1. Name the pairs: first residue in region A:69-88 and facing chain B (nearest Cβ under 8 Å), second residue in a loop (DSSP other than H, G, I, E, B) and aromatic (Phe, Trp, Tyr), Cβ to Cβ under 6 Å, at least 6 apart or on different chains?
2. Pick from region A:103-130 the residues that are surrounded by fewer than 20 Cβ atoms within 10 Å (Cβ to Cβ) and not in a helix (DSSP H, G or I): which of them is nearest to the other protein chains (Cβ to nearest Cβ)?
3. Can you tell me which residues in region B:256-283 are surrounded by fewer than 24 Cβ atoms within 10 Å (Cβ to Cβ) and in contact with an Asp or Glu (Cβ under 9 Å, 6 or more places away or on another chain)?
4. Of everything in region B:30-53, what is buried (at least 19 other Cβ atoms within 10 Å of the Cβ) and in contact with a Leu (Cβ under 9 Å, 6 or more places away or on another chain)? Give them in sequence order.
5. Can you pull out every residue in region A:37-79 that is open to solvent by 60 Å² or more (accessible area, probe 1.4 Å) and under 15 Å from the mean Cα position of the chain (by Cα)?
6. Residues in region B:210-244 that are in contact with a helix residue (DSSP H, G or I) (Cβ under 6 Å, 6 or more places away or on another chain) and within 14 Å of another protein chain (Cβ to nearest Cβ): how many?
7. Within region A:133-146, take every residue that is surrounded by fewer than 22 Cβ atoms within 10 Å (Cβ to Cβ) and within 12 Å of chain B (Cβ to nearest Cβ) and give me the one that is farthest from B:Pro147 (Cα to Cα).
8. Does A:Met97 qualify as being more than 14 Å from every other protein chain (Cβ to nearest Cβ), open to solvent by less than 50 Å² (accessible area, probe 1.4 Å) and under 20 Å from B:Ala185 (Cα atoms)?
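The values are calculated or read from the model by the stated rules, or taken from the named source; none is laboratory data. The model shown is predicted, which means the values in this text are computed figures rather than measured ones. Glycine gets a Cβ as well: all are built from the backbone with ideal geometry, and neighbour counts include every protein chain shown. Note: accessible area is taken over every heavy atom of the protein model, side chains too, but ligands, DNA and RNA are not part of it. Shrake-Rupley method; radii C 1.70, N 1.55, O 1.52, S 1.80 Å.
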Amino acid sequence: MHITSPIAAQDIQRLRVGDSVLLSGIIYTARDAAHQRLTDLLAAGEPLPFDLRGQAIYYAGPCPAPPGRAIGSIGPTTSTRMDSYTPALLQAGLRVMIGKGARNSAVIDAIREHGAVYLAAVGGAGALLSQCVSHAEPVAFADLGTEAIVRLTICNMPLVVAVDCMGRQLYH
Amino acid sequence: MLETIRLIEAAQITDVVAQLCVQANTCLGEDIRAALTQAHACETLPLAVNSLDVLLKNADIAQREALPICQDTGMAVVFVRLGEQVHVQGSMTAAIHEGVRRGYRAGYCRNSVVRDPIDRINTGDNTPAVIHVELVPGSELHITVAPKGFGSENMSALRMLNPSDGLDGVKQFVLETAKAAGPNACPPMIIGVGVGGTMEKCALLAKQALLREVGSTHDVSAWAQVEQALLAQINALGIGPAGFGGNTTALAVHIEIYPTHIAGLPVAVNIGCHATRHCSAVL
């Protein structure tokens, strides 16, 4: 199934746990350090560096881009490290998360509450996944190096629905 | 009789370490490729077959395009077996760190090391490496570079069992650790197990166990049987490739043992991902 990010709310509702999807469009990288900063900004009532509403975050910290490439290897990191930050980001409008591994019950509840979805990539397939990225544009927190937020334009990224909007999970 | 001393320039070590960093990060081991190919033929669930397909294609792309197999190019763990008749001209330690610095830059690898575990400022060049030196007889210098990613490293564990826990206790702990690792450790995993020694020796044994060729068996047949039994039990967990379900949760269980104290039974489990990277050279 082909889907495009930002994904419309009604399209998120059509995704079922275990579905294989090919995702295209716009996604944003953010991992541990960027999540800390985003939630600090939310807690302080300050604006975020990009409009999170309806958007997708990819838990990834890429390798440097070799000459002639948009980005270096870029596979998913372990999502559970982002669990403590995730309900606040869903509350602020985040709708799609991409990573690897299971989520905790607070995240699953928040996914259900906000009609969001969690997609899993194959961990360790960084070279293959880098070929899905045609453009990478820095957005915020450049001082974090690989942990900076980058806006990616992607085409046909192979993913699996790991938690659907009903809160059903692929991992046991 | 006077023993001959062999001189090795530190600069040679830097060059070799830099090459090994690039090679280990971009070329999947042939043993692991063969094991993944075999697993691909044994899976029936579509998500399991697809995930193994993605991993094999990923390895091909990485090698062909000289891209890191995984974006987590790890912390560089460097094992040195230093011949007692070798004298290194210059600092071997500094030479190794410089090799890591150059290799990670040349290979477009990620800098994943922070200078202090709490302030978490990136060192910017993936140094320092973690270096283990062993003195051995002879006049050769063996170097192995094993970049270790933390998806799998974070799921590793060590426990000081009681002697009365016995082999069943060891097996139980390995199984528990593999189960807890689940999808986070990028299965199919390689499970490195250390049994015996002291706490730090046991952890080192587990890491060294990850360097063994996948498909090889323990020299002692009783331990080889334990490896096989554990592999079957771990694969029966059903975690599967990428954690999406299937028969292939681990490609191998490797156990290394060492004598231990009358009061102890240390067990360490170092989880390796489906790439478990390492490359070696001899000077």
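1. Final answer for the pair search is A:Gly72/B:Tyr108; A:Thr77/A:Tyr59.
2. A:Asn104
3. B:Leu265, B:Val282, B:Leu283
4. Matches in region B:30-53: B:Ile32, B:Ala35, B:Leu36, B:Ala39, B:Glu43, B:Leu47, B:Leu52.
5. A:Asp51, A:Arg53
6. 7
7. Taking region A:133-146 as the starting set, the residues that turn out to be surrounded by fewer than 22 Cβ atoms within 10 Å (Cβ to Cβ) are A:134-146.
Add one more test, that the residue is within 12 Å of chain B (Cβ to nearest Cβ), and what stays is A:143-146.
Numbers: A:Asp143: 25, A:Leu144: 22, A:Gly145: 20, A:Thr146: 18 Å.
The residue in question is A:Asp143.
8. Answer is yes for this residue.
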